[in-house]
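*Asks:* Right, I'll just put the structure down here and ask away after.
The values are calculated or read from the model by the stated rules, or taken from the named source; none is laboratory data. Small disclaimer: the values here were computed from a predicted structure and weren't measured. Positions of Cβ are backbone-derived with ideal geometry, glycine not excepted, and every protein chain shown enters the neighbour counts. SASA here: full protein model, heavy atoms, side chains in, ligands and nucleic acids out. Shrake-Rupley method; radii C 1.70, N 1.55, O 1.52, S 1.80 Å.
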Amino acid sequence: MKMTKIFNKYFNRETISYLICGVITTLVSLAVFWLARTFEQTIVVSNTLSTVIGILVAYILNKTVVFRAFSWAFLSLIREFFVFVVGRFGSFVMETLLLMLLVDFLGLPDFICKTFTMVLVVVVNYLISKKAVFRGS
């Protein structure tokens, strides 16, 4: 009985759709990262490009699919997007510092490190979106 409650609490429409949308966002972000690295961009430039594109994709998917926040009132939209971007910027800084440590200082493979750090970012971003951005949804 308790296991069912725990399962239902953490595996519901919202969390499952967040994971699916996260996979889509992750694939887009990884593709941009790979493309930037293919054109010999630095870790910081590659991660910045992949993060900016990822933020735009994630905002649209989170707003419409995950949290079903269908309010398009201008001031609400501005506040929501601002908090979303600030939260994502915080996780971007965390991820970039981790990538610099893992790739530039420890010499680990960049693509594997990028994938690892993205898992951490997904958890942080979900909590920010749920508690601060789309809290009324």
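*Asks:* Checking residue 69 against (1) in a helix (DSSP H, G or I); (2) among the hydrophobic types (A, V, I, L, M, F, W, C); (3) touching a helix residue (DSSP H, G or I) at 6+ places or on another chain (Cβ under 6 Å), which test does it fail?
*Replies:* (1)
*Asks:* Kindly indicate whether residue 61 is part of a helix (DSSP H, G or I), without any contact (Cβ under 8 Å) to a residue 24 or more places away in the chain and either open to solvent by 40 Å² or more (accessible area, probe 1.4 Å) or under 22 Å from residue 19 (Cβ atoms) (or both).
*Replies:* Taking the combined requirement at face value, the residue does not satisfy it.
*Asks:* Quick check, is residue 86 under 20 Å from residue 130 (Cβ atoms), part of a helix (DSSP H, G or I) and free of Cβ contacts under 8 Å to residues at least 12 places away in the same chain?
*Replies:* Against the criterion (under 20 Å from residue 130 (Cβ atoms), part of a helix (DSSP H, G or I) and free of Cβ contacts under 8 Å to residues at least 12 places away in the same chain), residue 86 qualifies.
*Asks:* In addition: Can you go through 38, 15 and tell me which one is surrounded by 12 or more Cβ atoms within 10 Å (Cβ to Cβ), out of contact with any Phe, Trp or Tyr (no Cβ under 6 Å at 6 or more places or on another chain) and of a type in the set (S, T, N, Q)?
*Replies:* Details: 38 fails: surrounded by 12 or more Cβ atoms within 10 Å (Cβ to Cβ).
Result of the check over 38, 15: 15.
*Asks:* Tally the residues that are farther than 22 Å from residue 45 by Cα and buried (at least 16 other Cβ atoms within 10 Å of the Cβ), restricting the search to the stretch 69-107. It would help to see each step written out before you state the result.
*Replies:* Of the stretch 69-107, the ones farther than 22 Å from residue 45 by Cα are 69-83.
Next, only the ones that are buried (at least 16 other Cβ atoms within 10 Å of the Cβ) stay: 69, 80, 83.
Counting residues in the stretch 69-107 that are farther than 22 Å from residue 45 by Cα and buried (at least 16 other Cβ atoms within 10 Å of the Cβ) gives 3.
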